[in-house]
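Asker: The structure is given below, and queries will be raised subsequently.
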Amino acid sequence: AAAQIGVTGLGVMGRNLARNFARHGYPTALHNRTTARTDAIMAEFGHEGTFVPSHTAQEFVASLERPRRLVIMVNAGAATDAVIEEFAPLLEPGDMIIDGGNAHFADTRRREAALRESGLHFVGMGVSGGEEGALNGPSIMPGGSAESYAALGPMLETISAKVDGVPCATHVGPDGAGHFVKMVHNGIEYADMQLIAEAYDLLRYAGGYSPAQIADIFRTWNSGRLDSYLIEITAEVLAHTDAKTGRPFVDVVADAAEQKGTGRWTVQIALDLGTPVSGIAEAVFARSLSGHGDLRAAARDLAGPSREAVADPDSFADKVEQALYASKIVSYAQGWNMIAAGSEEYGWDIDLGQMAVIWRGGCIIRAKFLDRIRSAYESNPQLPTLLADPDFAAEVTAAQNAWRDVVATAVGSGIPVPGFSAALAYYDALRADRLPAALIQGLRDFFGAHTYRRTDADGSYHTLWAEDRSEVSR
Ligand code: 6PG
């Protein structure tokens, strides 16, 4: 039997992706290192479509029509290299290996270059949407050659989520472009979740609301401009009661956030690219801080203000909505600038508006808001920052007083809001006439003769600080 696509690595994501292909009428080959899993999937889901199960790598490869499309869904890192080493020798020029894991884009670039030598296409494919998305329609971000997309893209567009009939899948760009944008997607996901968590904390401890009431507030927000998957599930989680204790679920979960690494990578790479993604960085650091039980225990008795509820909780909740929305615009602006910087650095030529199109549905950060980003880039493909889009600028302008009030209330009540305040600081820094960076330049020149530029003349200058303090041109 000739399968049109094959999936090896049948964990939950791999299995669901395979079922998604089969349910859309593509005969799908299945392979897993532990063959019992392949058999179990056949027994449980075999009726859903045409599956071609195999127990060996050779059988699996032989069951695929040419050019072969072989999707690997294993853990990022060494496991991915091991699977590539196992299968690459069995393939022929023109065949495609598609990595649907959360690989680091630098690994993807390395693998793509190596496999290209033997005439194979390597497609680093970002997939978002969790288990449910993989089965019913994820957002898909494939990189790799245009030739591989021609052979693979239509299938990906078929199984992806759709918004207004438009698939949430597109060719992002060559080699590691797909995994790069998936990484930034996850960084934005971290920032979104941090902002949501701060909004919850403020509503609870400055607004005086209970988790169940906050769930209702999020439900209301979800019917407005914040309409998104993460806001929707925030209401679900906050409304949930722990069966064992009868207490709000959020009160019995240990307050130490974990991470698998894509948010951290985003910040590491942003530092290399020189792109200020302060919202994402604060989100990664906030998770890391939450896990430092030792530091937190050592600091528990330090002084702070008493947490008093605000006088008008309803109007405060409205301001928190504005602060959350404005901060969200900032973190998306930062994320998009990072995609632009990566595209520039690696010559990927990524269509920035298209990233908003394919994130409107299927992925974890899916939101109504993404369509606004799409139209911002449609109006101006050269937009230097989302904050310069007239519509977003008007919204941030309208929100900025409330945003400042909320950050001030947080500071006054001793509630940490690193996401809200970093976003506000970014906003104020960008719009500043003059930044104190001038003083930093002066200090650098003083202690290290690092030179500075002047506002009124070209060239580099140095002041002879230890001598007569006259200025020389350098
Ligand atoms: C997605 C998610 C997913 C990610 C989880 C967990 O787009 O479907 O981003 O890829 O693995 O969100 O990430 P952390 O464990 O790092 O929070």
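Asker: Is it fair to say residue 474 is at pLDDT below 95 and surrounded by 11 or more Cβ atoms within 10 Å (Cβ to Cβ)?
Answerer: Here the answer is yes, as residue 474 does meet what is asked.
Asker: If you check every pair at least six apart or on different chains, which have Cβ atoms under 6 Å apart with a residue in segment 258-276 that is basic (Lys, Arg) first and a residue that is outside any loop (DSSP other than H, G, I, E, B) and at pLDDT 95 or above second?
Answerer: Hits for this filter: 264/284.
Asker: Just a yes or no: is a residue in segment 53-60 crowded, with 18+ Cβ neighbours inside 10 Å, closer than 23 Å to residue 112 by Cα and touching a residue at least 40 places away in the same chain (Cβ under 8 Å)? Don't jump to the end; show me each part of the working.
Answerer: From segment 53-60, those crowded, with 18+ Cβ neighbours inside 10 Å are 53-54, 60; that's our starting set.
Checking which are closer than 23 Å to residue 112 by Cα leaves us with 60.
Then drop every residue that is not touching a residue at least 40 places away in the same chain (Cβ under 8 Å), which leaves 60.
Scanning segment 53-60, I find at least one residue that is crowded, with 18+ Cβ neighbours inside 10 Å, closer than 23 Å to residue 112 by Cα and touching a residue at least 40 places away in the same chain (Cβ under 8 Å), so the answer is yes.
Asker: When you scan segment 123-136, do you find a residue that is under 25 Å from residue 187 (Cβ atoms), more than 13 Å from the ligand (Cβ to nearest atom) and surrounded by 24 or more Cβ atoms within 10 Å (Cβ to Cβ), even just one?
Answerer: Checked segment 123-136: at least one residue is under 25 Å from residue 187 (Cβ atoms), more than 13 Å from the ligand (Cβ to nearest atom) and surrounded by 24 or more Cβ atoms within 10 Å (Cβ to Cβ).
Asker: Limited to segment 10-40, what total is found for residues that are more than 18 Å from residue 160 (Cβ to Cβ) and either among the hydroxyl-bearing types (Ser, Thr, Tyr) or surrounded by 22 or more Cβ atoms within 10 Å (Cβ to Cβ) (or both)?
Answerer: Number of matching residues: 8.
Asker: While we're on this one: Which one of 232, 198 is away from the ligand (no atom under 16 Å from the Cβ), of a type outside the set (Phe, Trp, Tyr) and modelled with pLDDT of 95 or more?
Answerer: Within the list 232, 198, the selection yields 198.
Asker: Criterion first (away from the ligand (no atom under 16 Å from the Cβ), of a type in the set (Val, Ile, Thr) and assigned to a helix (DSSP H, G or I)) does residue 237 satisfy it?
Answerer: No.
Asker: Name the pairs: first residue in segment 126-146 and within 10 Å of residue 177 (Cα to Cα), second residue part of a helix (DSSP H, G or I) and more than 8 Å from the ligand (Cβ to nearest atom), Cβ to Cβ under 6 Å, at least 6 apart or on different chains?
Answerer: 126/178; 126/179; 141/178; 141/181; 142/178; 143/177; 143/178
Asker: Now for a separate question. Return yes or no: is residue 183 within 16 Å of the ligand (Cβ to nearest atom), under 27 Å from residue 327 (Cβ atoms) and either without any contact (Cβ under 8 Å) to a residue 60 or more places away in the chain or surrounded by 24 or more Cβ atoms within 10 Å (Cβ to Cβ) (or both)?
Answerer: Details: within 16 Å of the ligand (Cβ to nearest atom): yes; under 27 Å from residue 327 (Cβ atoms): yes; either without any contact (Cβ under 8 Å) to a residue 60 or more places away in the chain or surrounded by 24 or more Cβ atoms within 10 Å (Cβ to Cβ) (or both): yes.
Yes: the conditions hold for residue 183.
Asker: What number goes with the only condition from (1) more than 17 Å from residue 95 (Cβ to Cβ); (2) out of contact with any Ser or Thr (no Cβ under 8 Å at 6 or more places or on another chain) that residue 24 does not pass?
Answerer: The failed condition is (2).
Asker: Now for a different question. Mind counting the residues in segment 325-363 that are acidic (Asp, Glu) and surrounded by 24 or more Cβ atoms within 10 Å (Cβ to Cβ)? Break it down into steps so the answer makes sense when it comes.
Answerer: Start the filter on segment 325-363 by keeping residues that are acidic (Asp, Glu), which leaves 344-345, 349, 351.
Checking the rest, the ones that are also surrounded by 24 or more Cβ atoms within 10 Å (Cβ to Cβ) come to none.
Number of matching residues: 0.
Asker: Among the residues of segment 140-180, which ones are assigned to a helix (DSSP H, G or I) and either among the β-branched types (Val, Ile, Thr) or within 16 Å of the ligand (Cβ to nearest atom) (or both)?
Answerer: The initial filter retains those residues of segment 140-180 that are assigned to a helix (DSSP H, G or I), namely 146-159, 177-180.
Answer for segment 140-180, where residues must be assigned to a helix (DSSP H, G or I) and either among the β-branched types (Val, Ile, Thr) or within 16 Å of the ligand (Cβ to nearest atom) (or both): 156, 158, 159, 178, 179, 180.
The values are calculated or read from the model by the stated rules, or taken from the named source; none is laboratory data. Computed from a predicted model, the values in this text were never measured in an experiment. We place every Cβ from the backbone using ideal geometry, glycine too, and count neighbours over all the protein chains shown.
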